[in-house]
Amino acid sequence: MFSQAAFGFVLDNEDRSVTRSDTYFKELFSQCGLHVYRLKDQKGFPEELFAVKMYALTTDAPKRALRAKSKRSINRPKTIM
């Protein structure tokens with residue numbers, strides 16, 4: 001049961017709840033054009049339960065870090081012609 005929950009979802013027939021995996025949610029967000037801005041685990045739940053996560057979502061694509069130019073190439077003298 002736990003291995004199935006890692007990549008999909010688990011239906012509980014006793015209380016009719018659905019437990020979805022982190023991977024499942026992220027794929028769903030992606031299909032909806034949403035991006036994870038922040039992700040945090042909720043604390044205070046019993047260890048025998050699945051991990052409970054909080055997602056902060058945005059419609060803006062995450063900004064990728066720009067590569068910084070090395071200081072050597074910036075300070076290197078250039079030939080003037």
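Taken together, the values in this text are just the output of simple stated rules run on the coordinates, not laboratory data. Quick caveat, the model's predicted, so the values are computed rather than measured.
Structure summary
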| read-out | value |
| --- | --- |
| Where only alpha carbons of the range 2-60 are counted, the Rg and the Dmax (Å) | 12.7, 39 |
| Difference of contour (0.36 nm per residue) and Cα-Cα distance, HIS35 to LYS53 | 5.0 nm |
| 18 Å Cα-Cα reach of LYS40 towards aspartates and glutamates, excluding residues that sit fewer than 8 places from it in its own chain | ASP22, GLU27 |
